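Visitor: Here it is: the structure, laid out below.
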Amino acid sequence: MENMMGLLSVHFQRGVNLAVRDMRSSDPYVVVKMGKQKLKTGVVKRNVNPVWDETLTLSVTEINLPITLCVYDKDRFSFDDKMGDAEFEIALFIKVLRMRLEGLPDGTVITKVQPNRENCLAEESCIIWSKGKLVQNMALRLRNVECGEVELQLQWIDVPSSRGL
């Protein structure tokens, strides 16, 4: 991919208070999309507070493309039920990456993003320096559903053969 800037690692940590779509629970998984890319986590059976602890990696070619995620309930004999969706931007994360920060104390908060009507943040999202890398922690409130949040962490991966930031 000659237009690739680098890779974005999206670590899906957990879901919180997801909607019940089966009799008493759900079997949730996440589908994440950026442009034409589409990846999915594994299914966590019978759990509305799933721990995925799974990392999916997207190729970034355009920083202004939104990243969308949809949570689904896996069904055996019918179509999977939608359990909500969310969307987030990475432009600010990339802007901070371009600052080429180095040698900061672990846990240093570089900037914060506040929840508002234009984003799906459930709470303040911090871009921090952690273990020699820049990461962004997010708790996203799911839309188009009665309840639920997804917690994730973003991390950038430089690729030597890419055009870079």
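The values are calculated or read from the model by the stated rules, or taken from the named source; none is laboratory data. All of these numbers come straight from a predicted model, not from anything done at the bench. Don't worry about glycine lacking a Cβ; one is built from the backbone with ideal geometry, like all the others, and counts go over all protein chains shown. Surface accessibility is based on the protein's heavy atoms, side chains included, excluding ligands, DNA and RNA. Shrake-Rupley method; radii C 1.70, N 1.55, O 1.52, S 1.80 Å.
Visitor: Identify, please: which residue in region 88-119 is of a type outside the set (A, V, I, L, M), surrounded by 15 or more Cβ atoms within 10 Å (Cβ to Cβ) and touching a strand residue (DSSP E or B) at 6+ places or on another chain (Cβ under 6 Å) and is, among those, nearest to Ser9 (Cα to Cα)?
Guide: Filtering first and then ranking leaves Phe93.
Visitor: Within the set of pairs 6+ apart or on separate chains, which have a first residue in region 115-140 that is of a type in the set (Asp, Glu), a second that is open to solvent by 60 Å² or more (accessible area, probe 1.4 Å) and assigned to a strand (DSSP E or B), and C-beta atoms under 8 Å apart?
Guide: If the second residue must be open to solvent by 60 Å² or more (accessible area, probe 1.4 Å) and assigned to a strand (DSSP E or B), the pairs left are Glu124/Lys112.
Visitor: While we're here: I'm checking my understanding of the structure. Among residues of region 7-27 that are within 15 Å of the chain's Cα centre (by Cα) and open to solvent by less than 10 Å² (accessible area, probe 1.4 Å), which one is farthest from Ser162 (Cα to Cα)?
Guide: Selected residue: Gly15.
Visitor: Could you check how many residues of region 132-165 are of a type in the set (Lys, Arg) and over 18 Å from the mean Cα position of the chain (by Cα)?
Guide: 1
Yes or no, residue by residue, for (1) under 17 Å from the mean Cα position of the chain (by Cα); (2) farther than 26 Å from Phe93 by Cα; (3) surrounded by 20 or more Cβ atoms within 10 Å (Cβ to Cβ):
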position	(1), (2), (3)
Tyr29	yes, no, yes
Asp53	yes, no, no
Ser59	yes, no, no
Val71	yes, no, yes
Lys74	no, yes, no
Phe79	no, yes, no
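Visitor: Only one of these is touching a residue at least 12 places away in the same chain (Cβ under 8 Å), more than 17 Å from Glu149 (Cβ to Cβ) and not β-branched (Val, Ile, Thr): Lys36, Lys82, Lys74. Name it.
Guide: Lys74
Visitor: In region 120-152, what residues are surrounded by fewer than 16 Cβ atoms within 10 Å (Cβ to Cβ) and under 15 Å from Leu8 (Cα atoms)?
Guide: Scanning region 120-152 gives a single hit, Lys133.
Visitor: May I pose another question? Please list, ordered by residue number, the strands (runs of 3 or more DSSP E) wholly in region 98-165 having 2 or more residues that are closer than 20 Å to Val71 by Cα and modelled with pLDDT of 95 or more.
Guide: So the answer is 133-141, 149-157.
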